[in-house]
Amino acid sequence: GEDVEQSLFLSVREGDSSVINCTYTDSSSTYLYWYKQEPGAGLQLLTYIFSNMDMKQDQRLTVLLNKKDKHLSLRIADTQTGDSAIYFCAERKEYGNKLVFGAGTILRVKS
Amino acid sequence: EPEVTQTPSHQVTQMGQEVILRCVPISNHLYFYWYRQILGQKVEFLVSFYNNEISEKSEIFDDQFSVERPDGSNFTLKIRSTKLEDSAMYFCATEATTNEKLFFGSGTQLSVL
């Protein structure tokens, strides 16, 4: 299957942590990605994780991967108003290298 | 940081007309892709291109679509006879090797009237 699912909306207060969740169906996916899209802009690569890893940390971003449950999460520590955007989860197919995207999670940060 | 550059940023065309969307990949990148996002829908894969050949294409990428790298730098997507349902944001993406960082351009918003 080619289903990547995300919750549609998340609202947090400035300074709190945000956790955006994603589930996927293809157990043979090689890499999983998080992209950020601000209004009127393109897709900015935030981070990615190899499917054999459990966790990856990059400054305020922490990615957790539960391969058994096919669950991916992105945690943003100390969320700022500038983090308000749409966040896309995507899986990399083993064959062909294409990315399959989720529908995106709208993150709204309240000051 | 190097960027993938797409032109134009907006394109308005009449149904049935041909459009060409242009992308300048990051230099030394060898793998190229087109994706599109219809308003309110998911980002969808269209086609991948490597070594002057299409590597993979989706069902969306029918005979009306074509890609080429005419001068060794620009990577183009041509739609021969546009339809209303081709209206979308079209993203070019490039990477140096596969299974690496895939960088996207800022997109071309295509509106077919």
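The values are calculated or read from the model by the stated rules, or taken from the named source; none is laboratory data. Because the structure is predicted, anything quoted here is derived from the model rather than measured. Heads up, the Cβs are rebuilt from the backbone with ideal geometry, glycines too, and the neighbour counts pull from every protein chain shown. Ligands, DNA and RNA are stripped out before the accessible areas are found, and what is left, the full protein with its side chains, is counted by its heavy atoms. Shrake-Rupley method; radii C 1.70, N 1.55, O 1.52, S 1.80 Å.
Want the number for B:ASP63 to B:ASN51: 0.36 nm per residue separation, take away the alpha-carbon distance, what's left?
Extending this stretch completely gives an extra 2.3 nm.
Compute, for A:SER28, the solvent-accessible surface of its heavy atoms (probe 1.4 Å) with the complete set of protein chains present, and express it in square angstrom to the nearest 10.
The accessible area of A:SER28 comes to roughly 40 Å².
Any idea what the dipole of the protein assembly as shown comes to, in debye rounded to 20, about its Cα centre with Lys/Arg Cβ at +1 and Asp/Glu Cβ at -1?
Computed charge dipole of the protein assembly as shown: roughly 360 debye.
With both partners inside chain A, how many of the DSSP beta bridges are antiparallel, as a percent to the nearest 5?
That works out to approximately 90 percent antiparallel.
Using a 1.4 angstrom probe with every protein chain in place, what is the largest-first accessible-area order of A:MET55, B:MET89?
Ranked list, largest accessible area first: A:MET55, B:MET89.
Percent relative contact order of chain A, based on C-alpha pairs within less than 8 angstrom and at least six residues apart?
38
In the full protein assembly as shown, how much of A:PHE9 is accessible to a 1.4 Å probe, in Å² to the nearest 10?
The value for A:PHE9 is about 120 Å².
Taking accessible area as the heavy-atom solvent-accessible surface of the protein chains with a 1.4 Å probe, which residues of the range B:1-44 lose no less than 50 Å² upon going from the isolated chain to the full protein assembly?
Output list: B:LYS42, B:VAL43.
List the residues of the range A:64-101 that lose 50 Å² or more of accessible area once all protein chains are present, compared with their chain alone (1.4 Å probe, heavy atoms only, no ligands or nucleic acids).
A:ARG92, A:ASN97, A:LYS98, A:PHE101
Please report the buried accessible area for the interface of B with A, total over both chains, probe 1.4 Å, in Å² to the nearest 100.
By this definition, chains B and A bury close to 1700 Å².
In 5 Å bins starting at 0, how do the alpha-carbon pair distances of the range B:1-97 split up by percent?
The calculated distribution, bin by bin, is 3, 13, 25, 27, 20, 10, 3, 0.
A:LYS67: which lysines have alpha carbons under 22 Å from its alpha carbon, excluding same-chain residues fewer than 8 sequence positions away?
A:LYS56, A:LYS93, A:LYS98, B:LYS101
Which three extents, in angstrom, do the Cα atoms of the protein assembly as shown have along their principal axes, listed largest first?
Over the protein assembly as shown, Cα extents along the principal axes are 49, 36, 34 Å.
Probe of 1.4 angstrom, ligands and nucleic acids ignored: what's the accessible area per residue over the protein assembly as shown, in square angstrom?
49
With every protein chain present, what accessible area does B:LYS42 have (1.4 Å probe, heavy atoms only), rounded to the nearest 10 Å²?
Surface open to solvent at B:LYS42 totals about 60 Å².
Compute, for the range A:2-111, the length of the dipole vector about the Cα centre, with Cβ point charges of +1 (Lys, Arg) and -1 (Asp, Glu) only. Units Debye, rounded to 20.
80
How would you rank A:10-17, A:58-65, highest first, on the average number of other Cβ atoms within 10 Å across their residues?
Output ranking for A:10-17, A:58-65: A:58-65, A:10-17.
Quick one: ranking A:SER18, A:SER111 by accessible area, 1.4 Å probe, largest first, what do you get?
These residues rank, largest area first, as A:SER111, A:SER18.
At a Förster radius of 25 Å, what calculated FRET efficiency corresponds to the Cβ-Cβ distance of A:ARG75 and A:ALA41, to the nearest 0.05?
Taking R0 as 25 Å, the efficiency between A:ARG75 and A:ALA41 is 0.65.
Students often get this wrong: which residues of the range B:5-41 have the backbone nitrogen under 18 Å from the point 7 angstrom along Cα-to-C-beta of B:GLU100?
Zone members listed by number: B:5, B:24-34.
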